[in-house]
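Take a look at the structure set out below.
The values are calculated or read from the model by the stated rules, or taken from the named source; none is laboratory data. These numbers come from a predicted model, not from an experiment. Cβ atoms come from the backbone with ideal geometry, glycine included; neighbour counts cover every protein chain shown.
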Amino acid sequence: MASLRRALRGMAATCPRRSPALGRGLRPLVSGAGPTSEKSVPYQRTLKEAQDASAAARGPSQPLPGTASVVVIGGGSLGCQTLYHLAKLGVSGAVLLERERLTSGTTWHTAGLLWQLRPSDVEVELLAHTRQVVSRELEEETGLHTGWIQNGGLFIASSRQRLDEYKRLMSLGKVYGIESHVLSPGETKALYPLMNVEDLYGTLYVPHDGTMDPAGTCTSLARAATARGAQVIENCPVTGIRVRTDDFGVRRVAAVETEHGSIQTPCVVNCAGVWAHAVGRMAGVKVPLVAMRHAYVVTERIEGIQNMPNVRDHDASVYLRLQGDALSVGGYETNPIFWEEVSDDFAFGLFDLDWDVFTQHIEGAINRVPVLEKTGIKSTVCGPESFTPDHKPLMGEAPELRGFFLGCGFNSAAECPLLTPTGVHRRFHRSLTDHSRWIRERSHEAYAKNYSVVFPHDEPLAGRNMRTGPLHEVLPYDFCGAYGHRAHEDHAYGRLLGQEYSFSFPPHHDVVKKECLACRGAAAVFDMSYFGKFFLVGPDAGKAADWLFSADVSRPPGSTVYTCMLNHRGGTESDLTVSRLAPGPEASPLAPAFEGDGYYLAVSGAAAQHNWSHIRTVLQDRKFRCQLIDSSEDLGLVSVQGPASRAILQEVLEADLSDDAFPFSTHKLVRAAGHLVRAVRLSFVGELGWELHAPRPSCLPVYQALMTAGAKHGLVNAGYRAIDSLSIEKGYRHWHADLRADDSPLEAGLAFTCKLKSSVPFLGREALEKQRAEGLRRRLVGFTLDEKVPMFGLEAIWRNGQVVGHVRRADFGFTIDKTLAYGYIRDPSGGPVSLDFVKSGDYTLERMGVTYAAHAHLKSPFDPDNKRVKGVY
Ligand SMILES: Cc1cc2nc3c(=O)[nH]c(=O)nc-3n(C[C@H](O)[C@H](O)[C@H](O)COP(=O)(O)OP(=O)(O)OC[C@H]3O[C@@H](n4cnc5c(N)ncnc54)[C@H](O)[C@@H]3O)c2cc1C
């Protein structure tokens, strides 16, 4: 049996080493030519053996019901989790259809590692829940042992930055009760004697991490779900999804078809893993994921490895999983192999390992656990896994088809699904969800960077040129030099981005400072063309607006209102501005022709698709006769903000901009440098200012006219990082950060956007009224720090010595010259969080394990009386 070192040498001899930049494709696949060609999963029991050979030929494991409340497609980890959670939520009559046997897709060969700490509060919560289900709940419910092994997890830091990242995770973990410890190299050696710690900066040890067993977990999930009335049917491939169009013209799921009959159902959950794309196609739903080969090798016995924690050496991009008295060694490469033609016949299957690709992990693994150099490789495990463009799963209802939900694309992290109607996949613009180049590039980058340090201001380099604004410039993605691409020698944006890779104040801190102070002192121009711009028009648009928007937008034409849109739980699906339009029979680029009522909606760019999907869903549910028109690509948006904005704009706009003629929160069609634009007097940074919404071809000439007029007034260009800083300084919320679908506007301090004093019903109203009557259990609180220390979000909030929440959003405010942080706090005793509770606490914020004294604010410390937006300086 060859050792890992021999594998490396063998590769060097047969394939001369070359720069990873040259990539694969220059040489044929060397499958089977490596040190071992034996393929097998390292589990004592799999459900493959549990199948009697003739069962598949006999057809479905149970007769199909004629109807089902929900049909879950796919019996892997996600399908079983989904069925279990549906049953637990009390959904009766749910059915899971699996083409082959449970686990036969990716799940059977998973490494099964569960690491609870991630740089995302949502994922930490999901993983903590997953661990609870797998390690405790399932066993209590079914009496079956899921095979959970709690051997702990150890993250390796070879640099100070990496250890800083771990310390951030440690602080966040405290909010969710996840124990973790930063260890010195010496302490690490004592815990893991076989480890080389000489090049270590430190480690993070999470004692309650562990390993899941795929067969045991899925069997227990299925057992628990069926005990609650759900059905699991194996050997039953889904061959089609029947769709009906309702009286309102809306496409809805009607039935699931199989070779053995069909099941009528209004609801399908696509948990088909790498086959989810094909299942989506059956229903005309785009599923933006790609299949890639992911691999680990299983070693021979290693003396002394028993009971060691699993290891993630991020800097070497490898993981070492305890496998009884051996290790499984895997990792993430810069040149992973795409599985181009996803085969329908791939059940309990494995690929030959491509040693050429895998070899890059060997040196890192041997460096970390030197005994591996002399350890043989018993078998290889290389299987398909699905990856998404932002390395986050696809969950929730598909925008194209009502009743069709996604639960797929788990990027090597099989978490419990979050069953929500506000699907996270709505984050991708619908023009991109079947754009194969965009999906491929972004998924590749997400895979290759899976183990990179997650810096607060990082951005993808892939897929940057798919949707561009009127003032944009681009460089193609180079796939890190893999697949025959030439790596960029100089990528100006990549270089600038690299300078941002810091947990301290990055070099651009001073650039952002200049932009912010110029905006507060004179004026700044912002290109916000990426915003979503929609028209809601038609006979029922007034009724729809009353129902959709929490604020009263039924004001006279010419008014603009800041409002939220809520879900039925009272959670905030969006915050946006709504401008009431005067009816007009003539269409123009700035307004469609319409009868009845009309509104112009401006929403943040990153949330545009989410807003679009939410509004369409509500219009369909309530059968409102109105149209939602997306003009985001046709219109640009340039905004001038600051004390000098009026003087600058007065030179460019043919309109009286005085307070009497053009008050705050109003809009008008006006000429700017000869071009018709919609000017809206609003501010997202807390200054006197206007937004100019203009047809795309007009944006550049209008912008140039503004720059010319602004030169003598000190007008500067400013970017979205300045918007982030200025808006947090003013206490404005950002949807997706300090305002999300699980936060109510009452909790977020946005009660003023809710027409609760009126009797007009609106979506979410009942939930808000209930919440108000019962008292708020959480409240968004702003904090300032005296010490100049950077914060980015995820820091723990301590009140009187107890953790009460974590920071959702933080930034530096340059005018107040302080770090600001916002987070929801709760009372550890479970009681309501009153204003007195907030005011009476002593607070500290914990960043990387160190606490800093903080002052709580319920009102923004900057311009608390809102004078500046009214032009009062
Ligand atoms: C080598 C490797 C190591 C990994 N290690 C880890 C790890 O350590 N930790 C971790 O969390 N994750 C890990 N993962 C990822 C994890 O295993 C997957 O995310 C997870 O198993 C995916 O589960 P799934 O249910 O989405 O997909 P699958 O398990 O593939 O399930 C999909 C199911 O759908 C069925 N199906 C497809 N089409 C149809 C149809 N038309 N009708 C009916 N049924 C259909 C398939 O037969 C299949 O059973 C690893 C993955 C790989 C490849």
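List of remarks:
- Cβ-Cβ contacts under 6 Å between residues 6 or more apart (or on different chains), taken from a first residue in the range 383-411 that is farther than 18 Å from Leu127 by Cβ and touching a residue at least 12 places away in the same chain (Cβ under 8 Å) to a second residue that is away from the ligand (no atom under 15 Å from the Cβ) and acidic (Asp, Glu), are listed as Phe405/Glu397.
- Counting only helices (runs of 4 or more DSSP H) wholly contained in the range 42-107, the ones carrying 1 or more residues that are modelled with pLDDT of 95 or more and either touching a strand residue (DSSP E or B) at 6+ places or on another chain (Cβ under 8 Å) or at positive phi (or both) occupy 77-88.
For every residue, the table says whether it meets (1) within 15 Å of the ligand (Cβ to nearest atom); (2) in contact with a Cys (Cβ under 7 Å, 6 or more places away or on another chain).
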{"residue": "Leu154", "(1), (2)": "yes, no"}
{"residue": "Ser159", "(1), (2)": "no, no"}
{"residue": "Glu187", "(1), (2)": "no, no"}
{"residue": "Asp199", "(1), (2)": "no, no"}
{"residue": "Cys218", "(1), (2)": "yes, yes"}
{"residue": "Ala227", "(1), (2)": "no, no"}
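- When every residue of the range 773-786 is checked against the conditions, at least one turns out to be surrounded by fewer than 17 Cβ atoms within 10 Å (Cβ to Cβ) and free of Cβ contacts under 8 Å to residues at least 24 places away in the same chain.
Yes/no per residue for (1) more than 25 Å from the chain's Cα centre (by Cα); (2) crowded, with 24+ Cβ neighbours inside 10 Å; (3) closer than 26 Å to Gly75 by Cβ; (4) touching a residue at least 60 places away in the same chain (Cβ under 8 Å):
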site: Val287; (1), (2), (3), (4): no, yes, yes, yes
site: Asp344; (1), (2), (3), (4): yes, no, yes, yes
site: Trp355; (1), (2), (3), (4): yes, yes, no, yes
site: Gln360; (1), (2), (3), (4): yes, no, no, yes
site: Gly364; (1), (2), (3), (4): yes, no, no, no
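- Per-region count, the range 108-126, residues under 18 Å from the mean Cα position of the chain (by Cα), buried (at least 20 other Cβ atoms within 10 Å of the Cβ) and part of a helix (DSSP H, G or I): 2
- Of residues in the range 820-873 being of a type in the set (Ser, Thr, Tyr) and not in a strand (DSSP E or B), the one farthest from Thr784 (Cα to Cα): Ser829
- Search result, residues across the range 61-100 that are near the ligand (Cβ under 9 Å from one of its atoms) and surrounded by fewer than 24 Cβ atoms within 10 Å (Cβ to Cβ): Arg99, Glu100
- Strands (runs of 3 or more DSSP E) (entirely within the range 351-410) containing at least 1 residues that are away from the ligand (no atom under 16 Å from the Cβ): 394-397
- Leu601 being closer than 29 Å to Arg426 by Cβ and either touching a Cys at 6+ places or on another chain (Cβ under 9 Å) or not in a loop (DSSP other than H, G, I, E, B) (or both): yes
- Being farther than 30 Å from Val122 by Cα and not basic (Lys, Arg) is a property that does not hold for Gly731.
- Test result for Val311, within 25 Å of Ser104 (Cα to Cα), within 15 Å of the ligand (Cβ to nearest atom) and either touching a residue at least 24 places away in the same chain (Cβ under 8 Å) or surrounded by fewer than 21 Cβ atoms within 10 Å (Cβ to Cβ) (or both): no
- Residues that are surrounded by fewer than 19 Cβ atoms within 10 Å (Cβ to Cβ) and within 10 Å of the ligand (Cβ to nearest atom), drawn from the range 229-242: Pro237, Thr239, Gly240
- Among (1) touching a residue at least 24 places away in the same chain (Cβ under 8 Å); (2) assigned to a loop (DSSP other than H, G, I, E, B) - the single one Arg808 does not satisfy: (2)
- Ser328 within 28 Å of Glu98 (Cα to Cα), part of a strand (DSSP E or B) and modelled with pLDDT of 95 or more: no
- In the range 667-674, the condition of being surrounded by 23 or more Cβ atoms within 10 Å (Cβ to Cβ) and over 30 Å from Ile816 (Cβ atoms) is met by at least one residue.
- If the condition is being over 30 Å from Met308 (Cβ atoms) and within 10 Å of the ligand (Cβ to nearest atom), then the range 326-344 contributes Val342, Asp344.
- Checked against the criterion of being modelled with pLDDT under 95, over 24 Å from the mean Cα position of the chain (by Cα) and either of a type in the set (Gly, Ala, Ser) or surrounded by fewer than 23 Cβ atoms within 10 Å (Cβ to Cβ) (or both), the candidates Ala582, Ala551, Ala523, Ala544 yield just one match: Ala582.
- Given (1) more than 18 Å from Gly79 (Cβ to Cβ); (2) surrounded by fewer than 19 Cβ atoms within 10 Å (Cβ to Cβ); (3) in contact with a Leu (Cβ under 9 Å, 6 or more places away or on another chain), number of the condition Thr245 does not satisfy: (3)
- Residue ranges of helices (runs of 4 or more DSSP H) in the range 431-532 with at least 2 members among the acidic types (Asp, Glu): 436-448, 508-521
- Among the residues listed as Val618, Val640, the single one being in a strand (DSSP E or B) and either under 22 Å from Ser665 (Cα atoms) or touching a helix residue (DSSP H, G or I) at 6+ places or on another chain (Cβ under 7 Å) (or both): Val640
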